[in-house]
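Student: To start, I am sharing the structure in question, which I have written as structure tokens.
The values are calculated or read from the model by the stated rules, or taken from the named source; none is laboratory data. Computed from a predicted structure; not experimentally measured. No Cβ is skipped: glycine too gets one built from the backbone with ideal geometry, and neighbour counts run over all protein chains shown. Quick note on the areas: whole protein, heavy atoms, side chains included, nothing else; ligands and nucleic acids left out. Shrake-Rupley method; radii C 1.70, N 1.55, O 1.52, S 1.80 Å.
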Amino acid sequence: MKMANRFLNNFKIGLFGMLFCFVLPLQAQETFKEFHGKVFDTETNDVLVFANVGLKGTNVSTITNAEGEFTLKISSDVTADKVIVSSLGYQSVELALTELEKGFAKIKLSPMVTELSEVNLTAYSSAEALVRAVFADKAKNNLREDVLMTAFYRETIKKRKRNVSLTEAVINLYKQPNASVKKDVLELHKARKSTDYKRLDTVALKLQGGPFSVLYIDVMKYPEYIFTDRSIGYYDFTFAAPSTVNDKPVYVVRFRQKEEIPPPGYEGKLFIDAETLALTSASYSLIIGNEREASEMFVKRKPRDVNVIPTRASYRVDYREKNGKWYYGYGSVQLAFKVSKRRKWFNSHYSLSSEMAVTDWETNPTGKVALIKDRLKPTVIIADAVSGFSDPEFWGPYNVIEPEKSIESAINKIRRKLKKEKGS
């Protein structure tokens, strides 16, 4: 429990804080081309989620959604003509843009079997020793300079399977070097949001922190939230079968909080580049244990007659490589809650998903950051607004995560509602 509380206490405003409260019933003028497709596993024909689709020789990229689909927008003045599609555990594929111009592309990646040599396997006395080396070498393997990133953020709340709240935003992310004590700075560039309060049963779920909730799971920049020199000792680490990233072998390390450390705790996997010891990906989840204690970790405010029990909390962070250096590329938080209200027979089940993908970045040699008045605060709850959903071209040239079918359906319903209200 102490370790789990330390995770949340370090982030003073509550990294994944939820608010439960009663509620009452500039676009860039730029020409660009769009390329659409879907990524599959060659052998199983299953769609590949989180596959990276990037324009070769640039920092422009996007990722596939939960249905394996993507849209990549490329400015007309860009001369690069090849796209690289990659995914954890698969052999990368390089395609000419002319192949994608033919229509909706179906791209297949082949699983890649990896065998690490005996030297690799015996280089470290234990999996824990390897993990400690990863964090010791973070200044060497990760970007050492200030960069300005463009990122797309999406936050959805569902009641059972139905979308009841949707937020989307393009964020300016002023990323500081991992070795720097300076915190990253976020600036809201463009956003839209809509909430169907009638379906929230007079209880509104709001994610405290917004984009910060997925930024702070960047464990290489913010290791204090899970893996400090001391807290590494709270886990058992074991080697799993190796895998590949960008056609290079990676160690796979499983971790789980030790049995003698009371839950809540964490368990998951770390994917580590075998040559450089750079962390390429991490996925982990909360071991909930005591429901009351877990609830205190997440719920910051709620009505007295409402009980909120977390049932799932999963996290994922992916890093991208450029010229031998790794940088934050994608973060995802998946939460699920059971909400019961006094004098009601049935419970309500809600799930909250937030994700942020870096779609472009450039060096920021002057260290320029957003003005203080324009910066998002870690306590931010992106304000409710419906503006933008009536415009199907709202995002213009910005790369976004392609909406899943259920989200796309929700957006279309919002547009129809706005159109009807405008006509009445």
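Student: Among the residues of the stretch 157-182, how many are open to solvent by 20 Å² or more (accessible area, probe 1.4 Å), of a type in the set (D, E, K, R) and under 18 Å from the mean Cα position of the chain (by Cα)?
Tutor: Count: 1.
Student: Could you tell me whether the stretch 303-310 includes any residue that is under 30 Å from R144 (Cβ atoms), open to solvent by less than 60 Å² (accessible area, probe 1.4 Å) and over 19 Å from the mean Cα position of the chain (by Cα)?
Tutor: Taking every residue of the stretch 303-310 in turn, none turns out to be under 30 Å from R144 (Cβ atoms), open to solvent by less than 60 Å² (accessible area, probe 1.4 Å) and over 19 Å from the mean Cα position of the chain (by Cα).
Table: residues versus (1) open to solvent by 20 Å² or more (accessible area, probe 1.4 Å); (2) touching a strand residue (DSSP E or B) at 6+ places or on another chain (Cβ under 6 Å); (3) at positive phi.
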residue: N323; (1), (2), (3): yes, no, yes
residue: S332; (1), (2), (3): no, yes, no
residue: A336; (1), (2), (3): no, yes, no
residue: A357; (1), (2), (3): no, yes, no
residue: T363; (1), (2), (3): yes, yes, no
residue: P392; (1), (2), (3): yes, no, no
residue: K405; (1), (2), (3): yes, no, no
residue: E408; (1), (2), (3): yes, no, no
residue: I411; (1), (2), (3): no, no, no
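Student: Which condition number in (1) in a strand (DSSP E or B); (2) of a type in the set (A, V, I, L, M, F, W, C); (3) at pLDDT below 85 is the one that M297 fails?
Tutor: If we test M297 against (1) in a strand (DSSP E or B); (2) of a type in the set (A, V, I, L, M, F, W, C); (3) at pLDDT below 85, just (1) comes out false.
Student: Continuing with this model, one more query. So is L95 open to solvent by 30 Å² or more (accessible area, probe 1.4 Å), under 20 Å from the mean Cα position of the chain (by Cα) and under 24 Å from T359 (Cα atoms) or not?
Tutor: Here the answer is no, as L95 does not meet what is asked.
Student: Related question: Just give me the residues in the stretch 182-205 being modelled with pLDDT of 90 or more and hydrophobic (A, V, I, L, M, F, W, C), in sequence order.
Tutor: Hits for the stretch 182-205 are V185, L186, L188, A191.
Student: Residues being farther than 22 Å from K405 by Cα and among the small types (G, A, S): count how many of those fall in the stretch 64-86.
Tutor: 4
Student: Now for a different question. State which residue pairs qualify: first residue part of a loop (DSSP other than H, G, I, E, B) and inside the stretch 252-268, second residue of a type in the set (D, E) in any location, beta carbons under 8 Å apart, and separation of 6 or more residues or different chains.
Tutor: That search, which allows pairs on different chains as well, returns K258/D236; P263/E293; P264/E293.
Student: Under the condition of being open to solvent by 50 Å² or more (accessible area, probe 1.4 Å) and among the acidic types (D, E), which residue from the stretch 259-294 is modelled with the highest pLDDT?
Tutor: Only one residue tops the list, namely E267.
Student: Among the numbered criteria (1) modelled with pLDDT of 85 or more; (2) farther than 25 Å from G329 by Cβ, which one does F394 miss?
Tutor: For F394, the exception is condition (2).
Student: Another question about this same structure. Quick test of your reading of the structure: D384 fulfils all but one of (1) out of contact with any Leu (no Cβ under 8 Å at 6 or more places or on another chain); (2) modelled with pLDDT under 90; (3) open to solvent by less than 30 Å² (accessible area, probe 1.4 Å); (4) of a type outside the set (A, V, I, L, M). Name the failing condition by number.
Tutor: Unmet for D384, out of (1) out of contact with any Leu (no Cβ under 8 Å at 6 or more places or on another chain); (2) modelled with pLDDT under 90; (3) open to solvent by less than 30 Å² (accessible area, probe 1.4 Å); (4) of a type outside the set (A, V, I, L, M): (3).
Student: For K108, work out the one condition from (1) over 30 Å from S406 (Cβ atoms); (2) assigned to a strand (DSSP E or B); (3) open to solvent by 50 Å² or more (accessible area, probe 1.4 Å) it doesn't fulfil.
Tutor: (1)
Student: What's the total number of residues in the stretch 73-87 that are under 25 Å from L48 (Cα atoms) and either part of a strand (DSSP E or B) or among the acidic types (D, E) (or both)?
Tutor: Matching residues across the stretch 73-87 total 8.
Student: Oh, and also: Being polar (S, T, N, Q) and either within 24 Å of E408 (Cβ to Cβ) or touching a strand residue (DSSP E or B) at 6+ places or on another chain (Cβ under 8 Å) (or both) is the filter here, so list the residues in the stretch 59-97 that pass it.
Tutor: N59, S61, T62, T64, N65, T71, S75, S76, S86, S87, Q91, S92
Student: Restricting attention to the stretch 337-353, does a residue exist that is over 17 Å from the mean Cα position of the chain (by Cα), of a type in the set (A, V, I, L, M) and part of a helix (DSSP H, G or I)?
Tutor: No, there is no match, as no residue in the stretch 337-353 is over 17 Å from the mean Cα position of the chain (by Cα), of a type in the set (A, V, I, L, M) and part of a helix (DSSP H, G or I).
Student: Can you report the number of residues in the stretch 354-403 which are closer than 27 Å to I74 by Cα, of a type outside the set (K, R) and part of a loop (DSSP other than H, G, I, E, B)?
Tutor: Within the stretch 354-403, residues that are closer than 27 Å to I74 by Cα, of a type outside the set (K, R) and part of a loop (DSSP other than H, G, I, E, B) number 23.
Student: Can you tell which of N5, N65 is open to solvent by less than 60 Å² (accessible area, probe 1.4 Å), assigned to a loop (DSSP other than H, G, I, E, B) and either farther than 16 Å from R320 by Cβ or modelled with pLDDT under 95 (or both)?
Tutor: Criteria check complete, one pass: N65.
Student: Mind listing whichever residues of the stretch 75-116 are modelled with pLDDT of 95 or more, of a type in the set (D, E, K, R) and more than 15 Å from T58 (Cα to Cα)?
Tutor: Result: K106, K108.
Student: Still on this model: All but one of (1) open to solvent by less than 30 Å² (accessible area, probe 1.4 Å); (2) of a type in the set (A, V, I, L, M); (3) within 23 Å of K269 (Cα to Cα) hold for I74; which doesn't?
Tutor: Only one criterion is unmet by I74, namely (3).
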